[in-house]
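Take a look at the structure below.
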Amino acid sequence: MPHLTLTVHACESLGTISPFLHGHFAEHLGRCCYDGLFVGRDSPIPNRDGFRTDVLEALKVMGVPQLRWPGGCFADTYHWRDGIGPVESRPRTWAESCGLNVVENNSLGTHEFIAFCEALGADPYLAGNVGSGSPQEMMDWVHYCNGSVDTTLVRERAANGHPNPMDVKFWGVGNENWGCGGSYDAEGYAREFKRYATFLKQMDSPVQLVACGFNERDWNLKLVETMRNHLDLMDHVSVHQYWTFGPGRGFSEDEYYNAMRAADLVEDVITYTDEVLRFFTAGRKKVGIAFDEWGIWHPEASGGTQYEAPSTLRDAVAGAGVLDVLHRWSDRVSTANIAQIANVLQAPVQTRGAEMWLTPTYHLFALYAPHRGGRAVRAEWEAVPTRAVPAHSQGAASLPAGAVPLVSASASSRDGHLAVSLSNRHLGDAQEVVLSLRGLQTTGGVLRTMSGQADAVNSADAPQMVAVRETRVAAAGGSVALSLPPCSVQTLVLAAG
Ligand code: AHR
């Protein structure tokens, strides 16, 4: 069988892979926060300060560099004061996200969330309320979290158990304000953003403010154009991208391959947002792209299922394509948060009562962990086999007929190690690959692989249906020969020497 060649240039840096590119998102939606993460101190399910111990320990192993909370759409109806103080006195509020109305008991509030981030080693990213809130409310939240002077709010935070500042750097000024966050138009939102950001920056200048962008060029163009003389206020522009191709399981081959193509297409959103930013900032400030919601969204994941769906190996292989794009764009994308961290959408962990299992998407993030904090380096395929895919339309999304690359890869270098991730998207054939190494002397390393049936899932009854296996591989004459199984993701870590 002919082999493919991937040449990795270990000394040609594309930028640093911020660990935040492997961030996650926890929304008060369905069973993500309640049940999935937080069961309360009195639950029979073992917990640490109300957070499930099994989930916490699993997430620590996977690594959660950044966690965005409390929404999503939920953010623009959330009033932070409802979630502080003694739990028994917190109000029961009528909350909404994504068309799901629920009674929110506010038992998971700011202090609980920050304690969870501290236990995980995650950087907290809070999304503020623009749609139904006010600049004053958000300023107070920032000051409550980060203030270090002797004010009533800072005393209140200390009395509630956190004397030291929480040091929350990332703040979203609203969420999807073109839709659920208030149905603004781009110029109207930009004016609102300026108003919020002016006061937030005065209150606590080191905060990093994220303006709400869109996966639509026109919105981003008008937003950034309106902000062009106020760049000091805007640190990041957010974009969200979800895609759907057939059902979560039982999809056709065309739907499988189209899901891979959609993963690669996130590059288009990043590319045009970058063009807009480069044009209007004209080198005056580096404004990052916050890709703060992404993932596959199966049609089963609707209000009726509380946004839950099977999480298959297909989802993880597609996710590998997204992470490869993010690594290549590591110089421009400042953060990225897959949606969502438990049970909802493309979740790494799923729970049922006291049971918990890890999905293929969990293993994907664990496989990609060696890239965090490394320098992305150039990795080029000599010739990429493709498969033709037909046009597809589902819901509002449509794609013309096209071709999808059957392999994807990215590489990074750190502390004398080179990490190379490769996926083989072919459903039936293995791919023989020669990895040609430039700028690295090595005798070999460790290869970790996840492969199987594309629609394989893990569950409480079969938690190891999709798992990772580890082997040692040898390098000779500056190259490594690899055989990538069908429908697989793998990371090879090579030590210099
Ligand atoms: O992640 C689910 C929802 O998707 C979020 O609440 C919203 O921001 C997006 O539309």
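Tabulated data for the structure shown
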item: Degrees separating the helix 53-62 axis from the principal Cα axis of the chain, which is the longest one; result: 50
item: Test item: Cα-centred dipole of region 341-497, Lys/Arg +1 and Asp/Glu -1 on Cβ, debye; result: 380
item: For region 1-83, size of Cβ-based charge dipole, Lys and Arg +1, Asp and Glu -1, in debye; result: 80
item: Student exercise, the chain dipole from Lys, Arg, Asp, Glu Cβ charges, in Debye to nearest 20; result: 1000
item: Per-residue ³J(HN,Hα) for region 243-255, Karplus 6.51 cos²θ - 1.76 cosθ + 1.60, θ = phi - 60°, Hz, x for Gly and Pro; result: 8, 9, 9, x, x, x, 10, x, 7, 7, 4, 4, 5
item: Debye equation applied to the C-alpha atoms of the chain, log10 I(q)/I(0) at 0.06, 0.08, 0.12, 0.13 Å⁻¹; result: -0.27, -0.48, -1.09, -1.27
item: Dimensionless Rg over Rh [region 173-299; C-alpha; Kirkwood]; result: 1.05
item: Set of lysines with alpha-carbon distance to residue 285 below 27 Å, sequence-local pairs under 8 removed; result: 169, 194, 201, 222
item: 3J(HN,Hα) from dihedral phi, region 422-437, Karplus parametrisation 6.51/-1.76/1.60, rounded to Hz, x for glycine, proline; result: 9, 10, 10, 8, 5, 6, x, 10, 6, 10, 8, 10, 9, 8, 9, 9
item: Antiparallel content of DSSP bridges confined to region 4-122, in %, to 5; result: 75
item: 5 angstrom amide H check on residue 387, placed H, neighbours 5+ away; result: 404, 406
item: Antiparallel bridge percentage (DSSP; both residues within the chain; nearest 5); result: 65
item: Convex hull projection area averaged over all views, region 167-225, Cα basis, nm²; result: 4.1
item: Column: log10 I(q)/I(0), Debye, Cα scatterers of region 113-154, q = 0.13, 0.16, 0.29 Å⁻¹; result: -0.36, -0.53, -0.98
item: Prolate/oblate/rounded label for region 354-467 (Cα gyration tensor, a/c 1.5); result: oblate
item: Förster radius 45 Å - calculated FRET efficiency between residue 149 and residue 61 (Cβ-Cβ, nearest 0.05); result: 0.70
item: Net lengthening on full extension, residue 103/residue 403 (0.36 nm per residue, minus Cα-Cα); result: 103.4 nm
item: Positive-pole candidate from 383, 440, 454, dipole of region 383-474, charges at beta carbon; result: 440
item: Carbon plus sulfur fraction of accessible area for the chain, probe 1.4 Å, in percent; result: 52
item: Separation of alpha-carbon centers, region 1-28 and region 461-491, rounded to whole Å; result: 17
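The values are calculated or read from the model by the stated rules, or taken from the named source; none is laboratory data. The structure presented is a predicted model; accordingly, all values stated were derived computationally and were not measured. Neighbour counts are summed over all protein chains in view; Cβ atoms, including those assigned to glycine, are modelled from backbone coordinates with ideal geometry. Side chains are part of the model used for accessible areas, which takes the heavy atoms of the whole protein and leaves out ligands, DNA and RNA. Shrake-Rupley method; radii C 1.70, N 1.55, O 1.52, S 1.80 Å.
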